[in-house]
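Participant: Could you have a look at this structure, given as structure tokens, before my questions?
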Amino acid sequence: MYYKETIRQMYDIGIGSLPIVFIISIFIGAVTAQQFYYQLTGTAIPTYYIGYIVRDMMIIELAATITCLVLAGKVGSNMAAEIGGMRQKEHIDAMEIMGVNTSSYLILPKIIGAVFAIPVLVCIAAIVGIVGGYLASVPTGLYTEFDYVKGLRSFFNQRYVVMMFAKATVFAYLITTVSCYQGYFVKGGSVELGQASTRAVVLSCVAILIADYIIAVVLTS
Amino acid sequence: MIKVEGIKKSFGEVEVLKGIDFVFEQGKTNLIIGRSGAGKTVLLKILVGLFAPTEGKVWYDDRDFHSMDKDALRELRMEVGMLFQGNALFDSMTVAENVRFPLDMFSNMSLSEKNERVNDCLSRVSLDGANDKFPSEISGGMQKRVGIARAIVYRPKYLFCDEPNSGLDPKTAITIDELIKDITVEQNITTVINTHDMNSVMEIGDKICFLDKGLIEWKGTRHEVMESENQNLNDFIFASPFLQRLKERAKK
Ligand SMILES: Nc1ncnc2c1ncn2[C@@H]1O[C@H](COP(=O)(O)OP(=O)(O)OP(=O)(O)O)[C@@H](O)[C@H]1O
Ligand SMILES: [Mg+2]
């Protein structure tokens, strides 16, 4: 039962979120490239730096943070509503009476699903973002493909990739635990369920941003 | 056998139960009756541990329910089946999946054995062939019966039913009562039923406790109900003029 449920969660979170992650990261990559091209023209910094900037911004910060902020809205509210609904309709009570350990049966598959699926999504976001940067600049003639790729291949530091995965894993854990908590302990009726779902999103977002800062401080010092 | 001692329960300022002592006997259908809001559901939920009592003890045979450790509690849970007042069917699962759920969680039967057991239970509640429907696609009474099937599928030693026949037509209600009675006797289990249905009281009231204003106002068997002089109980049971006339006639 647990295994099946975990697979379902991975599928829902992973495949279900692909389109939105795809759209967001392609535009973020594009805007980053466009914007830095504009900022750097007329300075002494060579244009091939843009590839390097897009790559590192995506890997270090944007892929993990933006993706997870969006997923906090999509996945977090969904989890809070699902579990909260089960609480209100006495499904959780019914399971408790059967002897099911409801906190682990309902929440663990979600945490495991998210902790595996979200880092993959973040990785895809980083790649798609870099492609987005390419699409925004090379076909439109801002600079050549050679420049962009040269930038992408310069000053690469593997530690940033480790950092990206660390962030993604921590954020995934935060989204699921915060949201499931909000749902699991919901009381009252549909108004409270709505509030719990909102709280799940807001608190997950705040938790993500705080964790982001802490990870940045810890991993760069 | 389930024994409760001095059960009190308050929600904030409101004291819903003010000291309940009772023994629910094995192999019998024990009824908790009382007006709407008397605290029947609260008492049942205390029995199964969904509410902690403010004071008092619940004994499952010789096991003190509220001081059991986690493992012992889990073991006891396997012996408990419950029908909720609102059914609490899992609405994203089919009828068969609902009934099979306890087996899927805890038994190591093969799928075909499980399905066989599920079909048995469904036919006991006259729901053969409803396996693949979703709870939202069947009537309230059918949902209730699915709830009963799910409660008995794991062969409980203790069965709790919160208003098993409210919202059912009289014929089905009687069938359900008889079903619960049969299972109770057949498998020698301790059954506790909440009801305010007078037919149930008269048909299956092996042992009855009448809750009123947070206390047990009266206890006895269905045979003693007829003879009782307790005004409160009489007002409750023989509420309709029709039943009052019936009682008068029975007396003569
Ligand atoms: N979770 C709760 N919080 C606060 N008060 C509660 C709660 N549950 C029940 N009560 C109160 O306890 C009292 C008894 O409720 P209960 O549901 O046990 O009634 P009942 O006898 O089952 O009635 P019915 O026949 O209508 O189902 C009610 O006055 C109700 O307001
Ligand atoms: Mg009730």
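The values are calculated or read from the model by the stated rules, or taken from the named source; none is laboratory data. Since this is a predicted model, take the numbers as computed values, not measurements. All Cβ positions, glycine included, derive from the backbone under ideal geometry; neighbour counts span all protein chains shown. Ligands, DNA and RNA are excluded from the accessible area calculation, which covers all protein heavy atoms including side chains. Shrake-Rupley method; radii C 1.70, N 1.55, O 1.52, S 1.80 Å.
Participant: Normalized C-alpha radius of gyration of the stretch B:12-144, against 2.2 N^0.38 Å?
Facilitator: Values: Rg = 17.6 Å, N = 133, 2.2 N^0.38 = 14.1 Å.
Output field value: 1.25.
Participant: A further question on this structure: Kirkwood Rh and Cα-based Rg: tell me the resulting Rg over Rh for chain B, rounded to two decimals.
Facilitator: 0.98
Participant: Mind ranking A:SER190, A:SER154 by accessible surface for me, highest first, 1.4 Å probe?
Facilitator: These residues rank, largest area first, as A:SER190, A:SER154.
Participant: Report the longest stretch of chain A that contains none of the chymotrypsin sites (Phe, Trp or Tyr not before Pro) sitting in a DSSP loop with at most 13 other Cβ atoms within 10 Å.
Facilitator: A:1-154
Participant: Find the all-direction average of the projected area of the Cα convex hull for the stretch A:71-221, expressing the result in square nanometres with one decimal place. Before the final figure, lay out each step's value.
Facilitator: Values: hull surface 45.9 nm².
Projected area, direction-averaged: 11.5 nm².
Participant: Another question, then. Between B:VAL185 and B:LYS213, 0.36 nm times their residue separation minus their Cα-Cα distance comes to what?
Facilitator: That pair, B:VAL185 and B:LYS213, stretches by 6.9 nm at full extension.
Participant: Name the residue farthest towards the positive end of the dipole of the stretch A:2-220 from the options A:ALA80, A:VAL138, A:ILE7, assuming +1 on Cβ of Lys and Arg, -1 on Cβ of Asp and Glu, about the Cα centre.
Facilitator: After comparing all options, I get A:VAL138.
Participant: Using DSSP to call loops (not H, G, I, E or B), can you name the GluC sites (Glu not before Pro) in the stretch B:161-252 whose Cβ has at most 13 other Cβ atoms within 10 angstrom?
Facilitator: Within the stretch B:161-252, the qualifying GluC sites (Glu not before Pro) (loop, at most 13 other Cβ atoms within 10 Å) are B:GLU229.
Participant: Compare B:ARG35, B:ARG117 by solvent-accessible area with a 1.4 Å probe and give them largest first, with all protein chains kept in place.
Facilitator: B:ARG35, B:ARG117
Participant: Can you tell me the orientation of helix B:241-251 relative to chain B, as the angle in degrees between its alpha-carbon axis and the longest Cα principal axis, to the nearest 10?
Facilitator: In chain B, helix B:241-251 runs at an angle near 70 degrees to the longest axis.
Participant: Just want to confirm a number: the relative contact order over chain B, from Cα pairs under 8 angstrom separated by 6+ residues, in percent. Each step should come with its number before you reach the end.
Facilitator: On the way: 442 pairs, mean separation 68.5, N = 252.
Contact order relative to length: 27 percent.
Participant: Can you work out the FRET efficiency for the pair B:ASP71 and B:SER110, with r the C-beta to C-beta distance and R0 = 30 Å, to the nearest 0.05?
Facilitator: Given R0 = 30 Å and the Cβ-Cβ separation, E is 0.65.
Participant: Tell me: how much accessible area in total is hidden between A and B, 1.4 Å probe, Å², nearest 100?
Facilitator: Numbers: alone 11240 and 12330 Å², together 21920 Å².
That pair hides around 1600 Å² of surface in total.
Participant: Another question, then. Near B:LYS133, which aspartates and glutamates are there with a Cα under 14 Å away, not counting those fewer than 8 places off in the same chain?
Facilitator: Straight-distance partners of B:LYS133: B:ASP91, B:GLU97.
Participant: Show me the three semi-axes of the equivalent ellipsoid for the protein assembly as shown, from the C-alpha gyration tensor (sqrt of 5 times each eigenvalue), largest first, rounded to whole Å.
Facilitator: On the way: eigenvalues 764, 92, 69 Å².
Rounded to whole Å, the semi-axes are 62, 21, 19.
Participant: Here is a further query. For the stretch B:89-180, give the magnitude of the charge dipole about the Cα centre (Cβ charges: +1 Lys/Arg, -1 Asp/Glu; no others), in debye to the nearest 20.
Facilitator: 200 debye
Participant: Would you work out which of A:CYS68, B:VAL118, A:VAL54 lies farthest towards the positive end of the dipole of the protein assembly as shown? Charges go on Cβ: Lys and Arg +1, Asp and Glu -1.
Facilitator: A:VAL54
Participant: Which value, in Å² and to the nearest 10, is the accessible area of B:LYS157 when all protein chains are kept and the probe is 1.4 Å?
Facilitator: 100 Å²
Participant: Also: Under a 10 Å cutoff between Cα atoms, tell me which one of B:THR184, B:THR29, B:THR221 has the largest fluctuation in the Gaussian network model of chain B.
Facilitator: B:THR221
Participant: Check cross-link reach from B:LYS18 to the aspartates and glutamates: straight Cα distance under 18 Å, and skip same-chain residues fewer than eight apart.
Facilitator: B:GLU5, B:GLU55, B:ASP212, B:GLU217
Participant: Rounding to the nearest 20 debye, state how big the charge dipole of chain B is about its Cα centre with +1 on each Lys and Arg Cβ and -1 on each Asp and Glu Cβ. Walk me through the intermediate numbers first.
Facilitator: Details: 34 positive and 39 negative charges, 80 e Å.
Dipole of chain B, to the nearest 20 debye: 380 debye.
Participant: Oh, and also: Tell me the per residue accessible area of the stretch A:2-220 using a 1.4 Å probe; a whole number in Å² is fine.
Facilitator: Value for the stretch A:2-220: 46 Å² per residue.
Participant: Which aspartates and glutamates, if any, have their Cα less than 13 Å from the Cα of B:LYS213, not counting same-chain residues under 8 positions apart?
Facilitator: B:GLU15
Participant: What angle do you read, to the nearest 10 degrees and between 0 and 90, between the alpha-carbon axis of helix B:170-186 and the longest principal axis of chain B?
Facilitator: Approximately 80 degrees, to the nearest 10.
Participant: Keeping all protein chains in position, work out how much accessible area A:LYS74 exposes to a 1.4 Å probe, and write it in Å² to the nearest 10.
Facilitator: My reading of the accessible area for A:LYS74 is about 80 Å².
Participant: Checking the table B:LYS28/B:LYS171; A:LYS187/B:LYS40; B:LYS70/B:LYS181; B:LYS28/B:LYS247; B:LYS45/B:LYS247 against a 28 Å threshold on Cα-Cα, which pairs fail?
Facilitator: Where the Cα-Cα span goes over 28 Å, the pairs concerned are B:LYS70/B:LYS181; B:LYS45/B:LYS247.
Participant: Is there a quick way to get the dipole size of the stretch A:2-220? I mean about its Cα centre, with the Cβ of Lys and Arg at +1 and of Asp and Glu at -1; what is the value in debye to the nearest 20?
Facilitator: 160 debye
Participant: Out of the DSSP beta bridges found with both residues in chain B, what percent are antiparallel (nearest 5)?
Facilitator: Within chain B, antiparallel bridges account for around 50 percent of the total.
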